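The values are calculated or read from the model by the stated rules, or taken from the named source; none is laboratory data. Please read these numbers as outputs of a predicted model, since none were measured by experiment. Positions of Cβ are backbone-derived with ideal geometry, glycine not excepted, and every protein chain shown enters the neighbour counts. For the accessible areas, the whole protein counts, side chains as well, though only heavy atoms, and no ligand, DNA or RNA atoms are used. Shrake-Rupley method; radii C 1.70, N 1.55, O 1.52, S 1.80 Å.
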Amino acid sequence: MEKQIYYADLTPCDNMDDYKEASFVPQFVLDDTKKFDTKPPIGVVQLATHLGWCIVAKWYNNGSTRIYGGTEDTIRAGVSILSGCCDSGDCYYAFYEEKISTKFISEEDMSVFYGYTTYN
């Protein structure tokens, strides 16, 4: 059974070094790789927000960055956290003009949004 999640594409100016690296790359991130790059993402982190967990993936090609979450509000909370790490000096442009879209993922991959970083 598939579950709906939300995602937004971000300007690649966020610093992901301050966040917990995911122990595995969820399949939905690997599936999105073909949109951004020919290689797997260079970084995948779990971001804890007050509304739930987000997954943030960054690819080498142009620094393409995407944030995933279980709800639109979780995405906005994650974007708000990441905006504090924007190195460009123009965080409003980088993080507050995002368009939130939806996609469907496997129930197995949903575990990353509950803070689990390894397969059971």
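What to note about this one:
- Listed pairs 34/58; 35/103; 3/39; 39/103 exceeding 19 Å between Cα atoms: 3/39; 39/103
- Peptides 29-38, 42-51 ordered by average Cβ neighbours within 10 Å, highest first: 42-51, 29-38
- Accessible surface ranking that places the most exposed of 23, 83 first, with a 1.4 angstrom probe: 23, 83
- Computed FRET value (nearest 0.05) for residue 71 with residue 9, which takes r as the C-beta separation and R₀ as 22 Å: 0.80
- Cα pair distances in segment 4-86, grouped into 5 Å bins until the bin that holds the longest one, percent each: 3, 17, 30, 27, 18, 5, 0
- Each label point was placed 7 Å from the Cα along the Cα-to-Cβ direction; for residue 61 and residue 2 their separation is 2.2 nm.
- Table column - 3J(HN,Hα) (Hz), segment 55-68, Karplus curve with 6.51, -1.76, 1.60, x for Gly and Pro: 10, 10, 10, 10, 9, 5, 5, 6, x, 3, 10, 9, 10, 10
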